[in-house]
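Take a look at the structure set out below.
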Amino acid sequence: MTLTQEVVRQYLPLFDEQGRAAAVGDDVGRDRHYLPDLPVEDPYQAGHRTCAGCGPAIEYRSVLKAAGQNTVVAGPTGCMYVANATYMSTPYTVPWAHTQIASGGSFTSGVAAAYEAMIRKGKYRGQYPNIIVMAGDGSAADIGIGSISGALYRGHDALFICYDNECYANTGIQTSPTTPYGGNTTFTPPGKVIPEGKKLPPKNLAKMMAEGHPNCYVATTTVGYLMDLMNKTRKGLNFRGAAFMHVYTPCQKGWVYQTPMTVELGRRVVEAGLFPVWEYDPLTRSYDYFIPPTLRPVTDYLVMQGRFGHMHPEHAATMQRAANRNWEDMGVEVPTRLRELEDPAHNEYVKETTYSMPVQRGVGA
């Protein structure tokens, strides 16, 4: 008689990844919209109350579509908790639980440990579910970073996701550790004394998680590359142990941009070198970087958002220097034109620029 039951885990096959939704080389061309056959199921249904153009809502739908129905989700306090759980109603067709903002990691650790124990004791007969927590940057990078770090350190078999809208969006667009340099928030307003707004650079959350927890799968991605987002979700869930994914998710309310531009921003931030996309392999302890086919000046990204509308040439030059350091870290030879933009004199035109919506995508990632 077997006293201990085997824990049977799922395996999720990866999607074909080509075209503009991919973050890899492709055969069909970067300007082609290419999507493979995706699951029909949508565990994140219509009827939620997120803002128009909400980046985290795109992330939630994509992650849960990739994960499937045999999934358990936790959501710490944040804008996606409030928007998705009002008036005794949620858009989820899978089990979902709200946790306190600091408890995403500890709650999810308990769920993972409980399922393993119940399966081994024969009290739960199904497969081990996909266990996911999706926390905003205020939770994952600030108030709840300790509990997530603890869960990664212990190696609980779950996927820990930071959906990063670079501010505390739920409580009024306050600054967070991932708010970029120069970002205008209610706590970092630009003025005569501090004309740039936020003075500090953003916390490099994903690298902290990879370097501090080298036995975990860690990846970054954006809502600009949906197939990359969905495949990295499946890679994280297929990994036996703890996985962490940092997802760039624009916030139309806090960033002040044209509503249809959410996905476009998710590509331009990568092309501008301000949000490197990569994955960390714990077996080789190496990083695999996505290098977009087009490298843009940071101003091509900044001018699309009202939160940067106050910036002076010297502030744009500071951000260009940071982007160029990122390119160097990725092993990219920085083009001369981007080097020149480290000089404020080459950014004088930003004084006359207002945020706008690009008319045509053109060539790029």
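Under Stokes-Einstein, with the Kirkwood radius over Cα pairs standing in for Rh, what whole-number D in µm²/s applies to the chain at 10 °C and 1.306 mPa s?
75 µm²/s
Once you have the Cα-Cα distance between N204 and A46, take 0.36 nm times their residue separation minus that, and quote the gain in nm to one decimal.
53.6 nm
Order of 275-287, 314-326 by packing, highest average Cβ count within 10 Å first?
Numbers: 275-287: 17.4, 314-326: 20.6.
Descending mean neighbour count gives 314-326, 275-287.
Along each principal axis of its Cα atoms, how long is the stretch 53-195 end to end? Whole angstroms, biggest number first, please.
66, 32, 25
Out of G309, G138, G266, any idea which swings most in a Gaussian network model of the chain, alpha carbons joined below 10 Å?
The residue with the greatest mean-square fluctuation here is G309.
Antiparallel versus total DSSP beta bridges in the stretch 69-176: what percent is that, nearest 5?
Numbers: 1 of 14 bridges.
The answer is about 5 percent antiparallel.
Can you compute the label reach from Q100? Point 7 Å from Cα along the Cβ direction, backbone N cut-off under 18 Å, restricted to the stretch 49-92.
Counting backbone N atoms under 18 Å from the label point, the list is 74-79, 81-82.
May I ask you to derive the FRET efficiency for L14 and F187 from their Cβ-Cβ distance with R0 = 56 Å, giving the value to the nearest 0.05? List each step's numbers first, then the result.
Working: r = 41 Å, r/R0 = 0.73.
Efficiency at R0 = 56 Å is approximately 0.85.
For a bin width of 5 Å, list the pair-distance distribution of the stretch 270-313 built from all Cα-Cα distances, rounded to whole %.
Spelled out bin by bin, the stretch 270-313 gives 5, 19, 20, 17, 12, 11, 8, 5, 2 percent.
At what distance in angstrom do the alpha carbon centres of the stretch 311-334 and the stretch 203-254 lie from each other?
Using only Cα atoms, the two centres lie 23 Å from each other.
Name the residue, out of T221, T299, T336, whose mean-square fluctuation peaks in a Gaussian network model built on the chain with Cα pairs under 10 Å.
T336
Would you calculate the convex hull of the Cα atoms in the stretch 122-247 and tell me its volume per residue in Å³? All intermediate terms of the calculation are to be shown ahead of the outcome.
On the way: hull volume 15.3 nm³, N = 126.
Dividing the Cα hull volume of the stretch 122-247 by its residue count gives 122 Å³.
Given the Cα-Cα distance of R285 and K351 and 0.36 nm per residue of separation, how much length would full extension add, in nm? Don't skip to the answer; put the middle values down first.
Values: separation 66, 0.36 × 66 = 23.76 nm, distance 4.40 nm.
So the extension gain works out to 19.4 nm.
Every read-out reported here was derived from the displayed coordinates using simple, explicitly stated rules and does not represent laboratory data. Since the structure is predicted, the reported quantities are computational estimates derived from the model, not experimental observations. We place every Cβ from the backbone using ideal geometry, glycine too, and count neighbours over all the protein chains shown.
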